[in-house]
Amino acid sequence: MTERPIDVLVCDDQELLRTAYVTIFTAQPDLTVVGEAGDGQSAVELARRLRPDVVVMDVRMPVLDGIAATRLLAGPGVTDPVKVLVVTTFNLDEYVYEALRAGASGFLLKDARPAELVAGVRTVAAGEALLAPAVTRRLIGRFGDRVRAVPSSDGPLAALTDREREVLKLVAGGLSNAEIAAALVVSHETVKTHVSRILTKLDLRDRVQAVVFAHRIGLVTAGD
């Protein structure tokens, strides 16, 4: 059976860039562009109506910026969040942090190669986070003090096995699946299974949410 194509909504205020994205995506047999938006408000309205698998979102847009639009589509309190891949010309940790806090599942620069952009959409659509482990570690180090730990009576963690807690802590520390597999001396597939079960048990969308969750409950801290 052929899998359903990944529906993509392209949001950027520059028509030339939107056209380039559409051209890149439509050339892929597994991607379908279902709409385009030139400002953040239109992006929110289209995303809510079309329910794409991935929204490719620029940061700087008129009417409503990409961070605010992302928060409305995938932020805290959104009952049926949409997966958002933020793409920007600005390689600033502050933008990355704000995008992830707003609920984005990934972050890419606009100078990324077409193959990287396509891979990014596929990664986010699959429910995985698009952040290099090194970037995760840098963000935790720089902005970890903003992630306020909340008291936990071990409630949500009670559903996890000891090994799953161990894996969650390593994920929150910015380790990739390959690095976790090496650290625990298990296979890559075993790690993927653990991560999938963790996300399911804790009702988390992806690894980005897992990192934020682990820091908020105090399982790990910026100094770890």
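Any residue at all in the stretch 33-47 that's closer than 17 Å to Ala115 by Cα, touching a residue at least 12 places away in the same chain (Cβ under 8 Å) and not hydroxyl-bearing (Ser, Thr, Tyr)? The answer is yes; a qualifying residue exists. For the stretch 22-29, check the following and say yes or no: at least one residue is over 22 Å from Ala99 (Cβ atoms), assigned to a helix (DSSP H, G or I) and among the polar types (S, T, N, Q). Scanning the stretch 22-29, I find at least one residue that is over 22 Å from Ala99 (Cβ atoms), assigned to a helix (DSSP H, G or I) and among the polar types (S, T, N, Q), so the answer is yes. Restricting attention to the stretch 90-123, the residues being assigned to a loop (DSSP other than H, G, I, E, B) and either of a type outside the set (Ser, Thr, Tyr) or surrounded by fewer than 13 Cβ atoms within 10 Å (Cβ to Cβ) (or both) number 10. Residues in the stretch 139-158 that are surrounded by 15 or more Cβ atoms within 10 Å (Cβ to Cβ) and modelled with pLDDT of 75 or more: 1 in all.
Being out of contact with any strand residue (DSSP E or B) (no Cβ under 9 Å at 6 or more places or on another chain), modelled with pLDDT under 80 and not basic (Lys, Arg), is that true of even one residue in the stretch 50-65? No: zero hits. Got at least one residue in the stretch 194-212 being touching a helix residue (DSSP H, G or I) at 6+ places or on another chain (Cβ under 9 Å), at pLDDT 65 or above, farther than 26 Å from Val82 by Cβ and not assigned by TED's automatic domain parsing to the domain that holds Pro76? Checking the stretch 194-212: at least one residue is touching a helix residue (DSSP H, G or I) at 6+ places or on another chain (Cβ under 9 Å), at pLDDT 65 or above, farther than 26 Å from Val82 by Cβ and not assigned by TED's automatic domain parsing to the domain that holds Pro76. Would you pick out the residues in the stretch 73-87 that are surrounded by 20 or more Cβ atoms within 10 Å (Cβ to Cβ) and over 12 Å from the mean Cα position of the chain (by Cα)? The answer is Leu73, and nothing else.
The values are calculated or read from the model by the stated rules, or taken from the named source; none is laboratory data. Fair warning: this is a prediction, and the values are worked out from it, not measured in the lab. We place every Cβ from the backbone using ideal geometry, glycine too, and count neighbours over all the protein chains shown.
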